[in-house]
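One structure is given here, and the rest of the page talks about it.
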Amino acid sequence: MMGLALLPFLLLLSLASTIQGQSIFDVTTYGAKPNTDITQALANAWTEACASTTPSTLLIPKGVYQLSQSNLKGPCKSVPIQVQVEGTLQAPIHTKGDGLVLFTYIDQLILSGSGVFDGQGKSGWEKNNCHKNKICTKLPMNLKFSFVTNSIVKDITSLDSKNFHINLLGCKNVTFQHVTINAPDESPNTDGIHISSSEEIYILDSKIATGDDCVSVGDSNKQVTITNVTCEPGHGISIRSLGKYTKEKDVVGVTVKACKIFNTTNGVRIKTWPDSAVAFMASDMHFEDIEMENVSNPIIIDQEYCPWNQCNRKVPSKIKISNVSFKNIRGTSATPVAVKLVCSKSIPCEGVEVIDINLTYSGNRGPIVSECANVMPTITGLQNPQICAKPDTIGAPSTD
């Protein structure tokens, strides 16, 4: 574990030492001015910075700038290449496009600075109903990273995205550190960081407040580490919605450690669709040293996840869940069902460990309990509530 955790820090030190004597490409020298649209100026600065044969930094200085969708695409001759954002980049009010800034096919990218990516999401949240309606408008995200490798994102802020704040696809060895994500809890489908088809992703020392999952790990991921993240408000930290599409593949190696989850609709959870479109494995998933406060549904495995009746709950999930641990999770539950482990009837969960759980509930809806089905967990240490005291009992399905 320590060896894996050291990797992003060693990469950061290596990149930081490499960029001494770099070339600076300031967008204001390409015509950018505060309170104007700088899309073309940013594109011109990126083209020259990316083509530089020496390490380069694209600088967006302090100020408020308007920005339409910007595609910052590699591969770049400049290695590493840094984008330093000190100003605020405001998305258009309209809801067109894929995202505010799209980073694609870049190796050794450093995205840093005290700046803000402002999605101006209030103009689009009323239209963000794709989680309920298949015929819907796809809203733009704040930041998209596609096929980005060996990179660091640090110190930036994502504000009020219309859709996901940060989306990763096909990335490898990327670290997010000291990142701030901020949106109100009523902002729909605004996952803080969503990860798919990626490997060796590190999310460290960050604060996420949003209207959906603070961090969501989708299908086809390997070795995701989430450490010292504060989630408030939101829907918790999730390995989510597995088995909905036919091209999904295994999820292997997710570690969530030393996190704080406060005032959320869920805590830590694994959810798969019944009547899965494909069969694969989700394994080696570990949740440890988690502090919770006023969290509904603190610990969940839900293999009957079927929101808005979009599936056939009677057909069991074909996702095989194995080698999962919940260890040293403590705090307060907002609901009496504090632990829910509901696995597939056709492929029961295997290798589930529940160790030192201390959750309390002070509401008036009954005593604190757990619910379990199709799982025989190994239970050690403190148990509050008693884990799987009543086997094969299932509560109401999750709709979040």
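Residues in the range 77-96 that are more than 11 Å from Leu67 (Cβ to Cβ) and not acidic (Asp, Glu): Lys77, Ser78, Val79, Pro80, Ile81, Gln82, Val83, Gln84, Ile93, His94, Thr95, Lys96. Within the range 209-230, identify whether any single residue is among the acidic types (Asp, Glu) and out of contact with any Asp or Glu (no Cβ under 9 Å at 6 or more places or on another chain), and answer yes or no. Within the range 209-230, none of the residues are among the acidic types (Asp, Glu) and out of contact with any Asp or Glu (no Cβ under 9 Å at 6 or more places or on another chain). Annotation: of all residues in the range 260-298 being modelled with pLDDT of 95 or more, among the charged types (D, E, K, R) and out of contact with any Phe, Trp or Tyr (no Cβ under 6 Å at 6 or more places or on another chain), the one that is nearest to Gly243 (Cα to Cα) is Arg269.
Those strands (runs of 3 or more DSSP E) of the range 82-160 in which at least 1 residues are over 18 Å from the mean Cα position of the chain (by Cα) and surrounded by fewer than 18 Cβ atoms within 10 Å (Cβ to Cβ), considering only elements entirely within it, cover 99-104.
The C-beta contact set for the range 29-55 (first residue in contact (Cβ under 8 Å) with a residue 12 or more places away in the chain and in a helix (DSSP H, G or I), second residue loosely packed, with under 14 Cβ neighbours inside 10 Å and not charged (D, E, K, R), distance under 7 angstrom, 6+ apart or interchain) comprises Ala41/Gly31. Just for the range 258-298: of the residues that are buried (at least 24 other Cβ atoms within 10 Å of the Cβ) and touching a Pro at 6+ places or on another chain (Cβ under 7 Å), which one is farthest from Val217 (Cα to Cα)? If we take residues in the range 258-298 being buried (at least 24 other Cβ atoms within 10 Å of the Cβ) and touching a Pro at 6+ places or on another chain (Cβ under 7 Å), then Met292 is farthest from Val217 (Cα to Cα).
Only one residue in Ile347, Ile301 is at pLDDT 95 or above and buried (at least 24 other Cβ atoms within 10 Å of the Cβ). Which one?
Details: Ile347 fails: buried (at least 24 other Cβ atoms within 10 Å of the Cβ).
Only one candidate qualifies: Ile301.
Scanning the range 176-211 for residues that are outside any loop (DSSP other than H, G, I, E, B), touching a His at 6+ places or on another chain (Cβ under 9 Å) and among the small types (Gly, Ala, Ser) returns a single hit, Ser206.
Could you list, in sequence order, the residues of the range 235-285 that are part of a strand (DSSP E or B), closer than 17 Å to Val339 by Cβ and small (Gly, Ala, Ser)?
Our first condition is that a residue be part of a strand (DSSP E or B); within the range 235-285, this holds for 237-242, 251-257, 260-262, 264, 268-272, 281-285.
Those left that are additionally closer than 17 Å to Val339 by Cβ: 237-239, 256, 261, 264, 268-271, 285.
Of everything in the range 235-285, just one residue is part of a strand (DSSP E or B), closer than 17 Å to Val339 by Cβ and small (Gly, Ala, Ser), namely Ser238.
Going through Lys318, Lys390 one at a time, which residue ends up being of a type in the set (D, E, K, R) and either buried (at least 21 other Cβ atoms within 10 Å of the Cβ) or at pLDDT 95 or above (or both)? Steps first, answer last, please.
Numbers: Lys390 fails: either buried (at least 21 other Cβ atoms within 10 Å of the Cβ) or at pLDDT 95 or above (or both).
Going through Lys318, Lys390 in turn, just one is of a type in the set (D, E, K, R) and either buried (at least 21 other Cβ atoms within 10 Å of the Cβ) or at pLDDT 95 or above (or both): Lys318.
Taking the range 162-196 as the range and being surrounded by fewer than 19 Cβ atoms within 10 Å (Cβ to Cβ) and either among the hydrophobic types (A, V, I, L, M, F, W, C) or touching a Gly at 6+ places or on another chain (Cβ under 9 Å) (or both) as the test, the residues that pass are Leu169, Pro184, Asp185, Glu186, Ser196.
The values are calculated or read from the model by the stated rules, or taken from the named source; none is laboratory data. A quick note: this is a predicted structure, and the numbers were derived from the prediction, not measured. As a convention, Cβ positions derive from the backbone with ideal geometry for all residues, glycine included, and neighbour counts pool all protein chains shown.
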